[in-house]
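Okay, structure first, notes after.
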Amino acid sequence: MKLKEILEVINGEEIYVADKSVFDIDFHGAFGTDLMSDALCHLRDSDETELLITGLSNMQIINTASTLDLQVILVVRGKPIDDHLIEGAKMSDISIFKTDYTMYQACGRLYEKGLGK
Amino acid sequence: MIKTYDVSKGNYEDAGYASRDIKLTLKTFGIDPKVLKRVSIACYEAEINLVIHSDGGTITFELTDTGVVQLSFDDVGPGIPNIDLAMTPGYSTASTKAREFGFGAGMGLDNMKACASHFDIHSSSEGTHLKMSFQ
């Protein structure tokens, strides 16, 4: 599912876009977690394009995405995202979007529409 | 090439700096992306462990002439009482603060071992010494 479709499904808000081409990235699946160590373990062997969905909004989500070569992070529950985090995203070329939906709602909507099925 | 980094106890804000720098350095050497990903994951997990669990320590990174990546993590304590237990997936002694930053799932050491070509860990009350290599 392309990022632009994902954003429509979860009413995504743009926080920082590293490159306009991200909207056309075709995501194979997603991993939702507030534990970055779970993401580091689960996505370790993935060669597919994955979306990181999280309720965290600190620098460790940028570090985790960068470590896993992920290009896009979706922050759920409408968490506020400060300038420090946006600066980190810029330095790492990682795009950030957010939604007011909870993790459960966001994942449910995206899965229902076919992401990761 | 050899680089060293100091890591402070409880410095969650800067946690990940060394791993990021090592990844950027290796990228300039054109290392295989799959190897680079394994190095990055293991290095980041180990760096986070130093911040969460140790009283402070150092990371030493070396890229040998034969293209082998070697990472050493040496801290000054307090040590891991039972390494076998610490290696068990899901076992964690991480604090609430560590979990607030997204860590403490109890997968770190096991994940590092899965990423590395060679993994060696020793620990006493005077410190923990972890060595990993990747090729």
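A few comments on the model shown:
- Hits in region A:98-117 - residues which are in a loop (DSSP other than H, G, I, E, B), in contact with a strand residue (DSSP E or B) (Cβ under 9 Å, 6 or more places away or on another chain) and without any contact (Cβ under 8 Å) to a residue 60 or more places away in the chain: A:Lys117
- Tally of residues being more than 14 Å from chain A (Cβ to nearest Cβ) and touching a strand residue (DSSP E or B) at 6+ places or on another chain (Cβ under 7 Å) across region B:26-49: 1
- Of all residues in region B:127-135, at least one satisfies being within 14 Å of chain A (Cβ to nearest Cβ), surrounded by 18 or more Cβ atoms within 10 Å (Cβ to Cβ) and over 30 Å from A:Leu56 (Cα atoms).
- For region B:42-67, the set of residues classified as more than 10 Å from the chain's Cα centre (by Cα), crowded, with 21+ Cβ neighbours inside 10 Å and closer than 13 Å to B:Lys3 by Cβ consists of B:Phe61 only.
- Among (1) under 20 Å from A:Thr33 (Cα atoms); (2) in contact (Cβ under 8 Å) with a residue 60 or more places away in the chain; (3) more than 9 Å from every other protein chain (Cβ to nearest Cβ) - the single one B:Gly57 does not satisfy: (1)
Every residue, every condition in (1) at pLDDT 95 or above; (2) closer than 17 Å to B:Thr58 by Cα, yes or no:
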| site | (1), (2) |
| --- | --- |
| B:Ile2 | yes, yes |
| B:Ile22 | yes, yes |
| B:Thr25 | yes, no |
| B:Gly30 | no, no |
| B:Leu36 | yes, no |
| B:Ala42 | yes, yes |
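- Residues of region A:37-68 satisfying the condition of being touching a Lys or Arg at 6+ places or on another chain (Cβ under 9 Å), open to solvent by 10 Å² or more (accessible area, probe 1.4 Å) and among the small types (Gly, Ala, Ser): A:Ser57, A:Ser66
- Among residues of region B:4-25 being over 18 Å from B:Val69 (Cα atoms) and more than 10 Å from chain A (Cβ to nearest Cβ), the one that is surrounded by the fewest Cβ atoms within 10 Å (Cβ to Cβ) is B:Asp6.
- Test: residue in region B:106-113 that is open to solvent by less than 40 Å² (accessible area, probe 1.4 Å) and either assigned to a strand (DSSP E or B) or away from chain A (no Cβ under 14 Å) (or both): no
- Index of the failed condition, A:Gln71 passing every other in (1) farther than 30 Å from B:Thr93 by Cα; (2) open to solvent by less than 10 Å² (accessible area, probe 1.4 Å); (3) polar (S, T, N, Q): (2)
- Taking every residue in region B:84-103 that is at negative phi and more than 13 Å from chain A (Cβ to nearest Cβ) and pairing it with any residue that is loosely packed, with under 14 Cβ neighbours inside 10 Å and at pLDDT 90 or above, at least 6 positions away or on another chain, the pairs with Cβ-Cβ distances below 9 Å are B:Ala86/B:Thr93.
- Strands (runs of 3 or more DSSP E) lying entirely in region A:1-97 (those with 3 or more residues that are within 14 Å of chain B (Cβ to nearest Cβ)): A:50-54
- Total residues in region A:14-27, condition in contact with a Ser or Thr (Cβ under 7 Å, 6 or more places away or on another chain) and open to solvent by 40 Å² or more (accessible area, probe 1.4 Å): 2
- Highlighted here are the strands (runs of 3 or more DSSP E) found entirely within region B:1-88 that include at least 1 residues which are of a type in the set (A, V, I, L, M) and over 21 Å from B:Cys115 (Cα atoms): B:2-7.
The values are calculated or read from the model by the stated rules, or taken from the named source; none is laboratory data. Just so it is clear, the structure is predicted and the values come from calculations on it, not from any experiment. Virtual Cβ from ideal backbone geometry, glycine too; neighbours counted across all protein chains shown. Calculation scope for accessible area: heavy atoms of the full protein, side chains included, ligands and nucleic acids excluded. Shrake-Rupley method; radii C 1.70, N 1.55, O 1.52, S 1.80 Å.
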